[in-house]
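Questions regarding the structure given below will be posed in turn.
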Amino acid sequence: FGGEDVQAARAVLRFVASEKLELNLTGFYSDDNSEPTPISLFDIGDGMGTSNTVPGTTTGLGNIIGLNDVVNYPRWGIPYDARFLTGDPFKSYATFENLATGRQWPWHSTSELYGGSVVTDYTIRDNLRAKWIVAFHHTYGEFGDDRDESPLQLQDVWNTVEATEKSTELRFSGEVFAGKLDWTAGGFYWEADQDN
């Protein structure tokens, strides 16, 4: 786990059309095909601050005892306990697999992002300027996770996310009273869709 494979690019183009008009275009792209974040099990806890690091025991961990009695013994024949602690940040018992059904989760963490923006600056007159910003951003990602860090399928997650954002902003700014007061006024619109 923890291997990285990322390619990214960003481009910026500035176009000065005249003394009064300037456009700035920005575009980006990122492709991430990395492995999952490295994680390792160092403790079995109950979420209430009680923890146990003695393999084969679940003393004081009521919720783990209940989970073992109802799920782990009947389904797997072994309990979830400190036997799966490695004490080593580079070792894990995670399998990304449901041993009962054979279903396997891909063990990678990928994402693709792209988008861009156009910023238009226009000087209407010496003490009055306009700025118009249009932006777009798209994300798609897939993430495999074996949170219980054991060969038992207790908390394995396959997550996909897709999000698109669009925004536009128009603002005017200037000076009044012989430069004693700067002002800005405008409007902003943002729209986002996300599937998770």
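Over the chain, what is the mean sequence separation of C-alpha contacts under 8 Å (at least six apart), divided by residue count, expressed as relative contact order in percent?
Rounded, it is 19 percent for the chain.
When the solvent-accessible surface of protein heavy atoms is calculated with a 1.4 angstrom probe, in what order do 147, 10 fall, highest first?
Details: 147 140, 10 170 Å².
Heavy-atom accessible area, descending, gives 10, 147.
Sticking with this structure for a sec: When only C-alpha pairs under 8 Å and at least 6 residues apart count, what is the relative contact order of segment 117-177, in percent?
39
Additional query: Output needed: percent of Cα pairs per 5 Å distance bin for segment 123-190, bins running from 0 to the one holding the longest distance.
Binned Cα distances yield the sequence 4, 12, 13, 10, 9, 8, 7, 7, 6, 6, 6, 5, 4, 2, 1.
Modelling each spin label as a point 7 Å along the Cα-to-Cβ direction, I'd like the residue 170/residue 24 distance in nm, to one decimal.
2.1
Identify the GluC sites (Glu not before Pro) of segment 1-86 meeting these criteria: DSSP loop state and at most 15 other C-beta atoms within 10 Å of the C-beta.
Numbers: sites: 4, 19, 22; in loops: 4, 19.
Within segment 1-86, the qualifying GluC sites (Glu not before Pro) (loop, at most 15 other Cβ atoms within 10 Å) are 4, 19.
Out of all Cα-Cα pairs in the chain, roughly what percent, to the nearest whole number, are more than 21 Å apart?
In whole percent, the long-distance tail amounts to 68.
Further question on the same structure: When the accessible area of segment 4-53 is computed with all protein chains present and a 1.4 Å probe, what percentage of it is carbon and sulfur?
Solvent-exposed carbon and sulfur of segment 4-53 make up 54 percent of the total.
Residues of the chain: accessible area per residue at 1.4 Å, in Å²?
Details: 12420 Å² over 196 residues.
Solvent-accessible surface per residue comes out at 63 Å².
Under the rule of -39500 (n - 2.57) per DSSP H run of 4 or more residues, summed and divided by the residues of the chain, what mean residue ellipticity at 222 nm is obtained, to the nearest 500 deg cm²/dmol?
-1000 deg cm²/dmol
The values are calculated or read from the model by the stated rules, or taken from the named source; none is laboratory data. If you're wondering where the values come from, they're calculated on a predicted model, not measured in any experiment. Methodologically, a virtual Cβ is constructed for each residue, glycine included, from the backbone with ideal geometry; neighbour enumeration extends over all protein chains shown. Calculation scope for accessible area: heavy atoms of the full protein, side chains included, ligands and nucleic acids excluded. Shrake-Rupley method; radii C 1.70, N 1.55, O 1.52, S 1.80 Å.
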